[in-house]
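Presented below is the structure to which this report refers.
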Amino acid sequence: MSLTLDQVRHIAKLARLELAPGDAEATQAKLNGIFGLIEEMQAVDTTGVEPMSHPQELAQRLRTDAATESDRRAAYQTVAPQTENGLYLVPKVIE
């Protein structure tokens, strides 16, 4: 797939980009090069190739999942206007 100058100008207009008269040709060449690379990649047979989450086989360093703070719900609820059974009570806004 290759783009014409009119298509490049139309894309620039849709993207709200202002292209100088000489920039349209350079942009066309760059975009056509990108589309050429995409066509090359799509031509490769990837049947049986499993998708990868990362190009390298790396393992993430994980920290232990441990609670670092104590339960302070009672302290937080002492300043709340209304609570009941450990829940915050709020005014009804939908009937």
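The values are calculated or read from the model by the stated rules, or taken from the named source; none is laboratory data. Since the model is a prediction, treat every value here as computed from it, not as a measurement. With ideal geometry, Cβ positions are generated from the backbone for all residues, glycine too; neighbour counts draw on all protein chains shown.
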All but one of (1) surrounded by 10 or more Cβ atoms within 10 Å (Cβ to Cβ); (2) of a type in the set (A, V, I, L, M); (3) in contact (Cβ under 8 Å) with a residue 12 or more places away in the chain hold for Met1; state the number of the condition that does not hold. (1)
The correct count of residues that are at pLDDT 90 or above and farther than 30 Å from Leu87 by Cβ in the range 49-76 is 0
Would you confirm whether any residue within the range 13-21 is part of a helix (DSSP H, G or I), surrounded by 12 or more Cβ atoms within 10 Å (Cβ to Cβ) and either without any contact (Cβ under 8 Å) to a residue 40 or more places away in the chain or over 23 Å from the mean Cα position of the chain (by Cα) (or both)? no
Report every pair of residues separated by at least 6 positions or lying on different chains whose Cβ atoms are under 9 Å apart, first residue within the range 58-83 and touching a residue at least 12 places away in the same chain (Cβ under 8 Å) and of a type outside the set (Ser, Thr, Tyr), second loosely packed, with under 10 Cβ neighbours inside 10 Å and assigned to a loop (DSSP other than H, G, I, E, B). Arg73/Gly86
Scanning the range 49-95 for residues that are in a loop (DSSP other than H, G, I, E, B) and in contact with a helix residue (DSSP H, G or I) (Cβ under 7 Å, 6 or more places away or on another chain) gives Gly86
